[in-house]
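First the structure, in the form of structure tokens, and then the observations on it.
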Amino acid sequence: MAHNTVVSAIHDAPPLTQILADFVSSHPSRGWTDAVEHEAHRTFLNWVGCAVGAAMHPAVSAALAAMQEFAPPDQASLLGRGTRVDMGSAALLNGISSHLFDFDDTHWKTLIHPAGPVASSILALAEKTGASGREVIDALVLGIDIACRIGCGMYPEHYDRGWHITGSTGAIGAAAACARLLKLDARHTAMALGIAASQPIGLREQFGTMTKAFHPGAAARAGLTAALMASHGYTSSPKALEAARGYMQVVSSRLDWDKVTEELGQRFEISSNTYKPFACGVVIHPSIDGCVQLREAGLRAEEIESVELRVHSLVLELTGKTSPKKGLEGKFSVYHGCAVGFVFGAAGETEFSDEVVNRADIASLRNRIRATPDDDLDETSADVTVVCKDGRRLHVFVEHAIGSYKLPMSDQHLESKFDDLVVPILGFGKAASLKSLCWSLASLNSVHELCEKARN
């Protein structure tokens, strides 16, 4: 991805908040192509699978215990559990759960994981209000479009400053989606965007801890709160996004306004969404893919003397942990990702467990991997060379990893991933019913049956 900076003078800023509010409030229902419509269902299916799969994780249990201190009413479901909580807590907790495994969707242009904030907020609201599946899909497409367009206008400088872009743009996307679901007019939608703009969430320092998954959950709750407040008349600056001391000019030195508005209503950023075959940071995926390819060609881990890995410098900046001690840390170690790729030929949640991270053979192999930054390579590529104990040198160059924008996961791959995540939590019968309901979401009169099937 090119890292070209576009800085716009303050007086050149368009009335962005109003432009986006007009778009969200007035764009026709299903006003996009069949391909966009299908991608929305793929995104929702993948999000539900990730949320249910991590539902019983200790991080979700801890966050649930904290929310229950407030003794909220039962309004919305926690996916993968039998518990119901207030819709704000459901947005937070489902957002946490959907991101915990680092297995969720990725907008390839910006590294945003857009479904976490957007889907978590609108499903909680839809369950409470009785919204139809058609209304949920509309809100999902539009909310993701807003979050990712704003991200496009600031990436990579915003991300490079240390913001976790999923959380920082996610609150605005969630506010847009919830405003659409609440049928707010343009003025109130602008207020919702403005309230959300005062709640940027997420620092990259938290990567490798439970708090990383807090970011999309907190963004979901913040966006939902913003839309509800706007619906009751709470006001904000009508220039909250673009003003000199507004959101974008404060949190980023990159201000490419055209990236936010070009082809608005004609091209939808959900079309650039991708889905992970590996449960870790997406920048590790090309390296893992290369290791898996070598294993599938006959290489065995015990034959490896050393590994020479060349990757873009961003890979080492984000995932350069050489000696992870916990599974969450392993998700930010390209060395661990490569090791499990060689040993297991896979990198799902099991391969990033505490137990696997601390296995002696995995640690030994990690220590024999040498990664060198090479910015002549794209962030989406990796060059892997294995030196075998018998002197052989095996090499593979991965230009685009499986699951990337260039090599997307098929519907069948997404279904297999869904089953792997959901069946252990809900069982075969419920998992099959839930999968079918996700695919047919747009035709559902309400989301209540889907939410019921998603509860354990």
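Taken together, the values in this text are just the output of simple stated rules run on the coordinates, not laboratory data. Just so you know, these numbers come straight off a predicted model, no measurement behind them. Here the Cβ positions follow ideal geometry from the backbone for every residue, glycine too, while neighbour counts run over all protein chains shown.
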Determine, for 451, 388, the number of other Cβ atoms within 10 Å of each Cβ, and report the residues in order from fewest to most. 388, 451
For helix 428-439, what angle does its Cα long axis make with the longest principal axis of the chain, in degrees from 0 to 90 and rounded to 10? 60
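Give the calculated FRET efficiency between residue 363 and residue 399 to the nearest 0.05, with a Förster radius of 35 Å applied to their Cβ-Cβ distance.
For R0 = 35 Å, the calculated efficiency reads 0.70.
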What dipole magnitude, in Debye to the nearest 20, does the chain give about its Cα centre under +1 on Lys/Arg Cβ and -1 on Asp/Glu Cβ? 820
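Can you give the Kirkwood hydrodynamic radius for the stretch 282-398, in Å, rounded to one decimal and based on Cα pairs?
Its Kirkwood hydrodynamic radius stands at 13.6 Å.
Hey, can you rank 415-424, 116-125, 276-285 by average C-beta count inside 10 Å, highest first?
Order by mean packing, descending: 116-125, 276-285, 415-424.
Could you rank the peptides 339-352, 208-221 by their average count of other C-beta atoms within 10 Å per residue, with the highest value first?
208-221, 339-352
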Note on the stretch 363-446: alpha-carbon gyration tensor, axes a ≥ b ≥ c; rule is a/c under 1.5 for rounded, else prolate if a/b larger than b/c, else oblate; result prolate
Order of 310, 359 from fewest to most other C-beta atoms within 10 Å? 359, 310
Using Cα pairs closer than 8 Å and at least 6 residues apart in sequence, work out the relative contact order for the stretch 301-456, in percent. 24
Which percent of Cα pairs goes in each bin when the distances of the chain are cut into 10 angstrom slices starting at zero? 5, 22, 32, 25, 13, 3, 0, 0
Phi to ³J(HN,Hα) by Karplus 6.51 cos²θ - 1.76 cosθ + 1.60 over the stretch 27-35, Hz, x for Gly, Pro: 5, x, 4, 6, x, 7, 6, 4, 5
At q = 0.16, 0.32 Å⁻¹, base-10 log of I(q)/I(0) for the stretch 133-184 (Debye sum, equal scatterers on each alpha carbon): -0.46, -1.13
Simple label model, 7 Å out from Cα along Cβ direction - residue 302 to residue 26, nm: 7.0
Charge tally for neighbours of residue 372 with beta carbon under 12 Å away, counting Lys, Arg as +1 and Asp, Glu as -1, is -3
Value of D in µm² per second that Stokes-Einstein yields for the stretch 66-166, Kirkwood Rh from Cα pairs, at 37 °C (0.692 mPa s): 225
Report the calculated FRET efficiency for residue 245 and residue 416 (r = Cβ-Cβ distance, R0 = 45 Å), to the nearest 0.05. 0.40
Going from the fewest other Cβ atoms within 10 Å to the most, one would list 452, 69, 329 as 69, 452, 329
